[in-house]
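To keep things clear, I will list the structure first and then write my remarks on it.
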Amino acid sequence: MPSAELLATLADMPAKEYLKHFCLDYYLSEALQCDSTDKLQDFWQDVLDGSHLKSKAYDFKRVMATAENRRSFVELLRTRLKLVTSKPEVLAVTVLDFYDMLVLLLPDFPLDLLVDAADLAMPVVDRRGGGREMARGPLHQFLWNV
């Protein structure tokens, strides 16, 4: 439950700042593309559910437009990666293999961003696989909640 102080701050915000703060200006411009009330209702429900990116191919700019879009895309990515293996905890792929899978969902995803993320990720040794060592880093933990 938001505090009274936070609610007062939000209530005192100018309308444009309020819209920008919650990225509503972005979603309102997207909503204007709906051509019926049913599609508009579905759009807002999908935004609330975090599933508004699941059924469509989008560009990197759209995914990066809001935090909700980024969360929705990560969930889409998790869902699709689970199709590769029933045991994601044993999945080990190179950065380029991962990129090849990623661009199927988001064709203009910048490779350098993924390479930089892989360079920053500190590998962690996972010895759960019967003595076998496998590198596991923050990116793996982020994607799979391991």
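Some notes on this structure:
- Here Ser51 passes the criteria (1) hydroxyl-bearing (Ser, Thr, Tyr); (2) in a loop (DSSP other than H, G, I, E, B); (3) more than 20 Å from the chain's Cα centre (by Cα) except the one numbered (3).
- Of all the residues in the stretch 1-48, those that are outside any helix (DSSP H, G or I) and within 19 Å of Ser72 (Cα to Cα) number 2.
- Out of Phe73, Phe98, Phe109, one residue alone is part of a loop (DSSP other than H, G, I, E, B) and surrounded by 14 or more Cβ atoms within 10 Å (Cβ to Cβ). It is Phe109.
No value in this document is a laboratory result; all are computed from the given coordinates. What you see is a predicted model, and the numbers here were worked out from it, not measured in a lab. Ideal geometry is used to build each Cβ from the backbone, glycine not excepted, and the neighbour counts take in all protein chains shown.
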